[in-house]
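See below for the structure under consideration.
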Amino acid sequence: MSAEVEGTIEAGDGRQVTYLARGPADGRAVLYLHGMPSSRLEQRLFPDDALAQAGIRLISFDRPGWGRTDAVPGDRIARSRDALAVADHFGLAQFSLMAVSAGGTYGLTLAASAPERVTRVLLVSAQLPYDDDAAIATMQPDQLALVPVARLGRTAELVAGCEAYRRAMLDDVVGRFWPSLATLSEAERAFVAQPWLSGALIAEIAEGLRISAEGLVDDLLSWPTPLEVDPRSIACPVVAMHGTADDWEPLPNLRRILERMPQAEVRLCRGMNHFGPLLEAAATLALAVAD
């Protein structure tokens, strides 16, 4: 039987962290790290029947500064540790991670910094550090233009720009976000055009930005920063699902970092862009718990 639970817990530092759990009550638990701009609601892009088919209980939470989770200062190590508080709340001594888009760097960081807890990482269209200009050369121009801005650090201009983006997005998610979907493949555009999917996409973005732009600011600042952990120290299996035509998160940037890991592999979605792995939702989800 499928059961959905939403709630808020208090992390060890007294901050509030809000979560959403979906899927079969007896399914294998997988913690979900969302992208940007986004929230815990992003996991609704994976439909109920896909969760049931994969036998997965998906547990997402608003990452720091997004949605209803309090912001936290610090590097990726500090900002990834809410996953441990959520896992503790659900009684998970060990767990698999599913890290989507901008959640990618945080998934790998947690796998390296808490190896006794993380047993497997599934990266889905994952964003990894933009610290190699050649590896991100094919990224969408608007996104690429933000990298040098992020390299300047937390300036007043960057914070103000993120707040202006937040307000514009909340005023018109479709008008502000939909142009970035123009380079998706025909199959992906048809997929996003489905009312249930576009509705879920609008809702998860709006929820993520509803209170502040702090999550956006901190994620953006992390873009050009190398991982704070050594990828070679990630001993658990890492599987990446990635589109060969992804111009949001270029494939060469993923490959150059995963090739340093002892147990990493890339599964390609041929001809697909950033949303490619969503088209085979059950198969993608199953990779999070494969033995």
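The values are calculated or read from the model by the stated rules, or taken from the named source; none is laboratory data. Source: prediction; values computed, not measured. Here the Cβ positions follow ideal geometry from the backbone for every residue, glycine too, while neighbour counts run over all protein chains shown. Just so you know, the surface numbers come from the protein's heavy atoms only, side chains and all, with ligands and any DNA or RNA stripped out. Shrake-Rupley method; radii C 1.70, N 1.55, O 1.52, S 1.80 Å.
Numbers at a glance
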quantity	calculated
Pairs, first part of a strand (DSSP E or B) in segment 263-288, second among the β-branched types (Val, Ile, Thr), C-beta under 7 Å, six or more apart	264/238; 265/239; 267/239; 268/244; 269/244
Long-range neighbours under 6 Å by Cβ, at least six apart or interchain, first residue farther than 16 Å from residue 27 by Cβ within segment 81-100, second surrounded by fewer than 21 Cβ atoms within 10 Å (Cβ to Cβ)	82/11; 85/11; 89/9
Failed criterion for residue 205 (all others in (1) within 20 Å of the chain's Cα centre (by Cα); (2) β-branched (Val, Ile, Thr); (3) over 21 Å from residue 249 (Cβ atoms) hold)	(3)
Yes/no for residue 209 being closer than 16 Å to residue 66 by Cβ, surrounded by 15 or more Cβ atoms within 10 Å (Cβ to Cβ), in contact with a Ser or Thr (Cβ under 9 Å, 6 or more places away or on another chain) and not β-branched (Val, Ile, Thr)	yes
Selection count, segment 1-51, where residues are among the small types (Gly, Ala, Ser) and part of a loop (DSSP other than H, G, I, E, B)	10
Options 48, 62, 142, 82: the member that is out of contact with any strand residue (DSSP E or B) (no Cβ under 9 Å at 6 or more places or on another chain) and either of a type in the set (Asp, Glu) or farther than 27 Å from residue 232 by Cα (or both)	142
Residue ID - most open to solvent (accessible area, probe 1.4 Å), chosen from residues in segment 66-95 that are assigned to a loop (DSSP other than H, G, I, E, B) and closer than 12 Å to residue 11 by Cα	81
Some residue of segment 140-148 being modelled with pLDDT of 95 or more and within 27 Å of residue 46 (Cα to Cα)	yes
Criterion (basic (Lys, Arg) and in contact (Cβ under 8 Å) with a residue 12 or more places away in the chain) met by exactly one of 154, 189, 167	154
Those residues of segment 40-56 which are crowded, with 20+ Cβ neighbours inside 10 Å and farther than 19 Å from residue 204 by Cβ, in sequence order	54
Any hit, segment 48-64, residues being touching a residue at least 40 places away in the same chain (Cβ under 8 Å) and basic (Lys, Arg)	yes
Out of 119, 105, 109, sole residue that is open to solvent by 30 Å² or more (accessible area, probe 1.4 Å), under 26 Å from residue 274 (Cα atoms) and polar (S, T, N, Q)	119
Some residue of segment 71-79 being in contact with a Phe, Trp or Tyr (Cβ under 8 Å, 6 or more places away or on another chain) and either within 21 Å of residue 126 (Cα to Cα) or in contact (Cβ under 8 Å) with a residue 12 or more places away in the chain (or both)	yes
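Each row is one residue, and each column tells you yes or no for (1) open to solvent by 10 Å² or more (accessible area, probe 1.4 Å); (2) part of a helix (DSSP H, G or I); (3) over 23 Å from residue 63 (Cα atoms).
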{"position": "142", "(1), (2), (3)": "yes, yes, yes"}
{"position": "157", "(1), (2), (3)": "yes, yes, yes"}
{"position": "183", "(1), (2), (3)": "yes, no, yes"}
{"position": "189", "(1), (2), (3)": "yes, yes, yes"}
{"position": "199", "(1), (2), (3)": "yes, yes, no"}
{"position": "205", "(1), (2), (3)": "no, yes, no"}
{"position": "219", "(1), (2), (3)": "no, yes, no"}
{"position": "225", "(1), (2), (3)": "yes, no, no"}
{"position": "248", "(1), (2), (3)": "yes, no, no"}
